[in-house]
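Just below is one structure, and these are the notes that go with it.
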Amino acid sequence: QRVSLGPSRILVHAHISEVAPGATRFLDVGCGIGQFAWELAESRPGSEVVGVDPSAAMIDRARNAFRHPRATYLHGYVRDVDPGPGFDVVTCMHAFPYIRDGGAALARIREVLRPGGRVLIVGANTENAWDRVVLRLVKLTTTPAQYRPVAEIRRLMREAGFAPGAVRRVETPFYVASIHLVEGVLA
């Protein structure tokens with residue numbers, strides 16, 4: 001929490017405030033226990049936040065530990081989300097490496113966004129040899145993951161129809177693999 005998830009959430013909140021201050025509809029893909037979805041709902045009055053995760057246990061925890069009147073938690077995948085009028089911002093916080101077909105997920109995210117909407121992918125990246133070593137060790141303790149370099153995430157975003165947006169590094173201690181926010185913008 002202290003070395004990767006907390007700093008990632010702080011950066012994403014700041015980024016959203018800078019580039020999409022009027023955003024009111026958010027989708028958090030791979031929301032886990034719901035902490036970030038809750039933070040979005042709590043910090044943005046009048047917002048509506050949907051969190052989706054394929055783990056029923058995580059969704060149960062989110063519904064109990066991070067209940068909020070403007071946050072809804074769904075068990076499933078981005079393909080299962082009803083976009084309603086569309087989302088302003090879609091976040092995927094440290095979950096993208098666990099999505100088998102990143103290109104298909106980004107194509108679906110494109111479908112649920114409003115024109116001018118943004119997707120923010122945040123997670124560990126393989127930018128250098130140190131990152132590859134650290135993330136190989138991390139994979140020993142987690143489910144199979146595809147840690148990608150930033151350039152590959154940007155390529156997948158372009159192929160899904162997104163214009164490139166910002167790339168921002170999350171400030172973490174030297175012993176943590178590189179973590180970046182990678183943004184795609186829907187024209």
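The values are calculated or read from the model by the stated rules, or taken from the named source; none is laboratory data. As the structure is a computational prediction, the values presented were derived from the model and not from experiment. Backbone-built Cβ (ideal geometry, glycine too); neighbour counts: all protein chains shown. For the accessible areas, the whole protein counts, side chains as well, though only heavy atoms, and no ligand, DNA or RNA atoms are used. Shrake-Rupley method; radii C 1.70, N 1.55, O 1.52, S 1.80 Å.
When each of ALA37, ALA65, ALA41 is tested for being free of Cβ contacts under 8 Å to residues at least 40 places away in the same chain and within 21 Å of HIS180 (Cα to Cα), the lone residue that passes is ALA37.
Scanning segment 133-183 for residues that are of a type in the set (S, T, N, Q) and under 17 Å from the mean Cα position of the chain (by Cα), we see that the one that is nearest to PHE96 (Cα to Cα) is GLN146.
Among the conditions (1) in a strand (DSSP E or B); (2) surrounded by fewer than 18 Cβ atoms within 10 Å (Cβ to Cβ); (3) β-branched (Val, Ile, Thr), ILE10 misses just one, which is (1).
From the list THR72, THR91, the lone residue that is under 15 Å from the mean Cα position of the chain (by Cα) and polar (S, T, N, Q) is THR91. Need at least 2 residues that are open to solvent by 60 Å² or more (accessible area, probe 1.4 Å) and of a type in the set (Lys, Arg) per element, so show me which helices (runs of 4 or more DSSP H) inside segment 100-161 make the cut, counting only ones lying wholly within it. By residue number, 129-139, 150-159.
Across segment 85-99, which residue is most open to solvent (accessible area, probe 1.4 Å) among those that are of a type in the set (A, V, I, L, M) and in a strand (DSSP E or B)? The qualifying residue most open to solvent (accessible area, probe 1.4 Å) is MET93.
Candidates PRO173, PRO164: the one that is open to solvent by 60 Å² or more (accessible area, probe 1.4 Å), in contact (Cβ under 8 Å) with a residue 12 or more places away in the chain and either assigned to a loop (DSSP other than H, G, I, E, B) or more than 21 Å from PRO7 (Cα to Cα) (or both) is PRO164. Picking from residues in segment 42-84 that are of a type in the set (Lys, Arg) and in a helix (DSSP H, G or I), the one that is surrounded by the fewest Cβ atoms within 10 Å (Cβ to Cβ) is ARG79.
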